[in-house]
1. State all residues of the range 60-87 that are buried (at least 17 other Cβ atoms within 10 Å of the Cβ) and either modelled with pLDDT of 85 or more or not polar (S, T, N, Q) (or both); if no residue qualifies, say none.
2. Pull out all pairs, ordered by first then second residue, where Cβ-Cβ is under 8 Å, the residues are six or more apart or on different chains, the first lies in the range 30-51 and is on the phi < 0 side of the Ramachandran plot and part of a helix (DSSP H, G or I), and the second is surrounded by 15 or more Cβ atoms within 10 Å (Cβ to Cβ) and polar (S, T, N, Q).
3. For residues that are surrounded by 12 or more Cβ atoms within 10 Å (Cβ to Cβ) and at pLDDT below 80, tally how many sit in the range 13-34.
Amino acid sequence: MAKAAKSNVPALPDNQQFLEEAAARIIDRIKRTIENIIEVGRELRAVKERIGHGNFQLWIESEFNWGLKTAERQPFLGFNIPAIGPRVAADPFVLIRYL
């Protein structure tokens, strides 16, 4: 993962380590969130392919109380990972634009 640029925000010397550690934790959580969203998309796609569109719609409504559009926005990431993969490898925050 590309390291975030150092902050230009002036900080008292005793806050520098705290700020760096907080930034590292936040970046890690964002990265894990993105990875989970991708996996949810892949799971939804696999279910839809296995049970078909009509059954998929009934399943997501009963299981998650989602409409079809909500579910279809999730697989968007799973469907398109190969196309944006190289950019994500360089900077995982690129995926945030797709959420």
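The values are calculated or read from the model by the stated rules, or taken from the named source; none is laboratory data. The structure displayed is predicted, hence computed values, not measured ones. So basically every Cβ, Gly included, is an ideal-geometry build from the backbone, and we count neighbours across all protein chains shown.
1. 60, 66, 71, 72, 75, 77, 78
2. Pairs that qualify, where the first residue is on the phi < 0 side of the Ramachandran plot and part of a helix (DSSP H, G or I) and the partner is surrounded by 15 or more Cβ atoms within 10 Å (Cβ to Cβ) and polar (S, T, N, Q), are 37/74; 40/74; 41/74; 44/74.
3. Number satisfying all stated conditions: 1.
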